[in-house]
Each structure stands twice: as C-alpha cells, then as structure tokens.
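Coordinate-derived values only; no laboratory data. A quick note: this is a predicted structure, and the numbers were derived from the prediction, not measured. In this analysis, Cβ positions are derived from the backbone assuming ideal geometry, glycine residues included, and neighbour counts consider all displayed protein chains.
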Amino acid sequence: MADDAIPARGIGTRKVRVCQSMPKAERYRAFLVTVLVRHQPRRTYAVLTRTPEDALAAVKQLSTEKSKLYVVGGLSRILVRHLKMKPNDMRLIDSGSQVPPSAPGAASLPPSLLATPGGDMK
C-alpha cells in the first residue's frame, strides 16, 4: 500500500488518496472594528471578511483620514447567522451614543453605563 493512501473502512480494497498539497481556504470571520474620531462618538462595525486586515480596509473606505481604526473583537457564528451577514458584509453594531446623566430614566441605569470613556470604572 502506498504511503499516501488510507485503507477504506469495511471490507474491500478501495483506497482513498490524501492530498496534502492543497491548502484549505480561509474561513470568513466576523471582526469588530471600532472607529475613533476626535469629538465624535465611537462607532463599532461588524465586518465579515477572511482576515483582520481586510476588515480594517473595508471600514477605512468609509472613514476619514484622521480616524483611528482598531480591531476590538469578533462575533460568534451564531450571531453572524442571526444578523444574516454575507461575505464582505458590514453592519453598524454600536454608534457609541451614551445617555446623559440628566436624561429622564438615567437614574435607573447602573453607574457602569453612565461612566465616561477613560474614566474610572470599578
């Protein structure tokens, strides 16, 4: 029997060839990309691409030159299915708007949601 052949299960002489030279295609993954622009709320996008660099490039097309882009995480396959995202698709996940402390109903929110970015969060 050749080194690159694996015997088939059951009775018989059928052989299965294993091709080790063919690379697998990279899977699509959902990356979370945050856009920071001075004096504007942060925006977070979910981008379904193969690499983080592709996700940054897709968001960079929509942002200004002075904006800073960061890959901050990813989404599970289940969430991607629920959002019905397709390859090279982009969705706005969070626009960074915060409830001001003087807004009605703000007292019922936990203090961690009222914290300012960069402030002390305990």
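Things to note:
- Per-residue Cβ neighbour rank within 10 angstrom, fewest leading, Ser63, Ser76: Ser76, Ser63
- Region 40-81: proportion of alpha-carbon pairs further apart than 14 angstrom, %: 49
- Summing Lys and Arg as +1 and Asp and Glu as -1 over all other residues whose Cβ lies under 15 Å from the Cβ of Lys68 gives a net charge of +4.
- Full extension of the chain between Lys68 and His39 yields a length gain of 9.2 nm, computed as 0.36 nm times the residue separation minus the alpha carbon distance.
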